[in-house]
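Data first, discussion second: the structure below is written as structure tokens.
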Amino acid sequence: PVAESAVVSTGHSLGGALAIIAAQRSLRDAGVPATAVYTFGSPRPGGSQFAGTYTPALGDRTFRLVHGNDVVPTVPPSITGIFQHVGRCIQCASEGRFDPQTPMLSRYDDKPDFAENVFDSGRRDLLALLDGRVFFPVGPGLQGQLIGVLPRLVRDHVPANYLRALAP
């Protein structure tokens, strides 16, 4: 007899979209359902036909973590109607943490929205600039310091921010 084991699929950015596609193909081609799928800053992975087959089987097992105003989960923009998210979105604030109080959206919710995200990020960056805050280092060393001057849309996508937001 074959021992049953958990199959977890995960990835950051494009790796997150690939983790979703891998989970769907594992179920479709091998009959092996993922126990859980966790993505971090993943773009929309497929169209409505893909979502229609993915969501009933794996939608409640898929968790899309989004840090702040990360731009990658907003692309391709949902306004095109071609691509859409699958799974349940959990989005913490910029420089925030994922914790039990972080809201989880429905598996049918296609957030975050590109236009809302760009507007909110720009507004927050402008307020920080007016307040004299232009530097938000994300880690040690020169690279961590340099990332701190990037716009929030880009800075929130950096893996170090996801790791920090997941830390206890």
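Check Leu150 against each of (1) touching a residue at least 24 places away in the same chain (Cβ under 8 Å); (2) outside any helix (DSSP H, G or I); (3) among the aliphatic types (A, V, I, L, M) and name the one condition it does not meet.
With (1) touching a residue at least 24 places away in the same chain (Cβ under 8 Å); (2) outside any helix (DSSP H, G or I); (3) among the aliphatic types (A, V, I, L, M) applied to Leu150, the lone miss is (1).
So which of Ile90, Ile147 ends up being of a type in the set (Val, Ile, Thr), surrounded by fewer than 20 Cβ atoms within 10 Å (Cβ to Cβ) and modelled with pLDDT under 90?
On the way: Ile90 fails: modelled with pLDDT under 90.
Going through Ile90, Ile147 in turn, the sole match is Ile147.
Since Ala51 meets every condition but one in (1) touching a Leu at 6+ places or on another chain (Cβ under 6 Å); (2) aliphatic (A, V, I, L, M); (3) modelled with pLDDT under 95, which condition does it not meet?
(1)
Going through the range 35-58 one residue at a time, which ones are free of Cβ contacts under 8 Å to residues at least 60 places away in the same chain, under 26 Å from Arg164 (Cα atoms) and open to solvent by less than 40 Å² (accessible area, probe 1.4 Å)? Steps first, answer last, please.
Residues of the range 35-58 free of Cβ contacts under 8 Å to residues at least 60 places away in the same chain: 35-39, 42-43, 45-58.
Next, only the ones that are under 26 Å from Arg164 (Cα atoms) stay: 35-39, 42-43, 45.
Correct list: Ala36, Val37, Thr39, Ser42, Pro43, Pro45.
Failed condition for Thr62, given (1) within 12 Å of the chain's Cα centre (by Cα); (2) within 26 Å of Gly148 (Cα to Cα); (3) open to solvent by less than 40 Å² (accessible area, probe 1.4 Å), with all others met?
(2)
For the range 130-144, give me each residue that is of a type outside the set (S, T, N, Q), open to solvent by 100 Å² or more (accessible area, probe 1.4 Å) and outside any loop (DSSP other than H, G, I, E, B).
Leu130, Leu142 - these are the residues of the range 130-144 that are of a type outside the set (S, T, N, Q), open to solvent by 100 Å² or more (accessible area, probe 1.4 Å) and outside any loop (DSSP other than H, G, I, E, B).
Somewhere in the range 23-32, is a residue under 19 Å from Pro112 (Cβ atoms), open to solvent by less than 40 Å² (accessible area, probe 1.4 Å) and either without any contact (Cβ under 8 Å) to a residue 60 or more places away in the chain or among the acidic types (Asp, Glu) (or both)?
Looking for residues that are under 19 Å from Pro112 (Cβ atoms), open to solvent by less than 40 Å² (accessible area, probe 1.4 Å) and either without any contact (Cβ under 8 Å) to a residue 60 or more places away in the chain or among the acidic types (Asp, Glu) (or both), one finds none in the range 23-32, hence no.
Of all residues in the range 73-87 being β-branched (Val, Ile, Thr) and over 28 Å from Gly148 (Cβ atoms), which is surrounded by the most Cβ atoms within 10 Å (Cβ to Cβ)?
It comes out as Val86.
Being more than 13 Å from the chain's Cα centre (by Cα), of a type in the set (Gly, Ala, Ser) and open to solvent by 40 Å² or more (accessible area, probe 1.4 Å) is the filter here; which residues of the range 93-121 pass it?
Passing the criteria: Ser106, Ala115.
Picking from Arg97, Arg107, Arg44, which residue would you name as being at pLDDT 95 or above, over 26 Å from Val149 (Cα atoms) and among the basic types (Lys, Arg)?
Working: Arg97 fails: over 26 Å from Val149 (Cα atoms); Arg107 fails: at pLDDT 95 or above.
Answer to the selection: Arg44.
So how many residues does the range 126-144 have that are more than 24 Å from Ser13 (Cβ to Cβ), among the aliphatic types (A, V, I, L, M) and at pLDDT below 85?
The total comes to 1.
The values are calculated or read from the model by the stated rules, or taken from the named source; none is laboratory data. Computed from a predicted model, the values in this text were never measured in an experiment. All Cβ positions, glycine included, derive from the backbone under ideal geometry; neighbour counts span all protein chains shown. To get the accessible areas, we keep the full protein, side chains included, count just its heavy atoms, and leave off ligands, DNA and RNA. Shrake-Rupley method; radii C 1.70, N 1.55, O 1.52, S 1.80 Å.
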